[in-house]
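Just passing along the structure, written as structure tokens.
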Amino acid sequence: MTKIGFIGFGSMATLIATKLIETKVCTPEEIILYSSSANNHFKQFYDKYPTTELAANEAEVFTKADHSFICKLPLAVLPLIKDCEAVLTADRHVISIAAGVSTSDILELSPSLQVSKLIPSITTVVSVGTTLISHADTVSETNSNWLESAFENFGHVMTIREENIDIASDLTSSSPGIIAAIFEQFVEAALRRSTLSDAEIFQMINFALAGTSKLLVEEDYTFSGLIDRVATKGGITAEGVELSKSNLPSFFDELLDRTQGKYATSKKEIEAQKRDLLS
């Protein structure tokens, strides 16, 4: 029996654990979890899967699980590793989903540990989207294969160099929220210029987004190819495309500058915390 552990059990841990069960990667009995608070996510999951094993503390999860997901806030990860260093032996496989905490940060506190970094996406709820994975050199082929195979059931898996994971996270994990924010403004602009209802406009945009995605994936369109197909030269759509080309580059440059700035700030905090823990 392969035991899968979860430390911290908020919305993303619930998504991952539920999906692992639904895709038959594991059974509820093969999951062991520890949550410092009985939040709604924890309660709903345990009500649905009462045969899940509950651990008394974090160290018990690390001790019993073959693969342990750390689903805590970034500044809680390294203190957890430090507190549990006695049980974090070389055969333990730990998967962190915390932004800003690198595998090398964790390895500085526990050098022999097998550490993977995983960035999930909310779109895996519907088995679409990309899960990002990076492995430290300490991770065995068996464990890296298990993690990648498990998440292939969630959608698309992309293993990348960890140096690219922040930008890649913007494109995968953050992008659903950013796309929603952009098109929310499209809806608001249409509301200001018509007597259509909010629900009617939302439905139009919603199906347009779904159809566009389907064309890109199933008909093998590129963005530029789809633009050429839809935007007739001198036509109405072309006006919108030209405005987008004029105004959006600066918007997206600033967007990435801001998000990467947040990552940089988080990393400085992690670095300071790490120095304290190592001193």
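The values are calculated or read from the model by the stated rules, or taken from the named source; none is laboratory data. As the structure is a prediction and not an experimental result, all values here were calculated from the model. Note: accessible area is taken over every heavy atom of the protein model, side chains too, but ligands, DNA and RNA are not part of it. Shrake-Rupley method; radii C 1.70, N 1.55, O 1.52, S 1.80 Å.
In the range 137-248, what is the volume of the convex hull around the alpha carbon atoms, normalised per residue and reported in Å³?
Looking at the range 137-248, the number lands at 154 Å³ per residue.
Per residue, how much accessible surface does the range 1-156 expose to a 1.4 Å probe? Answer in Å², no decimals.
Ligands and nucleic acids excluded, the figure is 41 Å² per residue.
Now for a separate question. Under a 10 Å cutoff between Cα atoms, tell me which one of Ser127, Ser244, Ser266 has the largest fluctuation in the Gaussian network model of the chain.
Ser244
While we're here: How big is D, in µm² s⁻¹, for the range 206-279 by Stokes-Einstein at 20 °C and 1.002 mPa s if Rh is the Kirkwood radius over C-alpha pairs?
For the chosen part, D equals 134 µm²/s.
Now, a different point. Using a 1.4 Å probe over the heavy atoms of the protein chains, calculate the carbon and sulfur portion of the accessible area of the chain as a whole percent.
Heavy-atom surface of the chain belonging to carbon and sulfur, 1.4 Å probe: 56 percent.
With a Cα-only, solvent-free Debye model of the range 142-197, what are the log10 I(q)/I(0) values at q = 0.16, 0.23 Å⁻¹?
-0.67, -0.95
Would you pull out the residues with amide H under 5 Å of Phe69's amide H, same chain only if 5 or more places away, H placed 1.01 Å from N?
Amide H to amide H, under 5 Å and 5 or more residues apart or across chains, Phe69 pairs with Gly5, Phe6, Ile7, Ile95.
A follow-up question, please. Which helices of the chain meet both criteria: a Cα extent of 30 Å or more along the helical axis and a mean Kyte-Doolittle score no lower than -1.0, with helices taken as whole DSSP H segments?
Result, helices passing both filters: 236-278.
Of Lys214/Lys267; Lys117/Lys267; Lys48/Lys117; Lys214/Lys245, which pairs sit farther than 26 Å apart, going by alpha carbon to alpha carbon?
Over 26 Å apart, Cα to Cα: Lys214/Lys267; Lys48/Lys117.
Can you give me the three principal axis dimensions of the chain from its C-alpha atoms, in Å, biggest first?
Extents along the principal axes: 68, 42, 34 Å.
How high is the relative contact order of the range 98-191, in percent, with contacts defined as C-alpha pairs under 8 Å that are six or more residues apart?
The value is 27 percent.
What is the range 198-246 by shape, rounded, prolate or oblate, if you read a ≥ b ≥ c off the alpha carbon gyration tensor as root eigenvalues and call it rounded for a/c under 1.5, prolate for a/b larger than b/c, and oblate otherwise?
oblate
What residue among Glu85, Glu58, Glu219 has the largest mean-square fluctuation in a Gaussian network model of the chain, using Cα springs under 10 Å?
Its mean-square fluctuation being the largest, the pick is Glu219.
Can you tell me which aspartates and glutamates have their Cα less than 14 Å from the Cα of Lys43? Leave out same-chain residues fewer than eight positions away.
Glu53
Determine the relative contact order of the chain: mean sequence separation of Cα pairs under 8 Å and six or more apart, normalised by residue count, in whole percent.
Reported relative contact order: 14 percent.
Give the shape of the range 112-185 as rounded, prolate or oblate, defined through the alpha-carbon gyration tensor: a ≥ b ≥ c are the square roots of its eigenvalues, a/c under 1.5 means rounded, and otherwise the shape is prolate if a/b is larger than b/c and oblate if not.
Oblate is the answer for the range 112-185, as a/c is 1.5 or above yet b/c matches or exceeds a/b.
To check you understand DSSP bridge types, tell me what percent of the beta bridges within the range 69-188 (both residues inside) are antiparallel, rounded to 5.
30
Here's another thing I want to ask about it. I want the antiparallel fraction of DSSP beta bridges within the chain, as a percent rounded to 5.
If I count the DSSP bridges inside the chain, around 15 percent turn out antiparallel.
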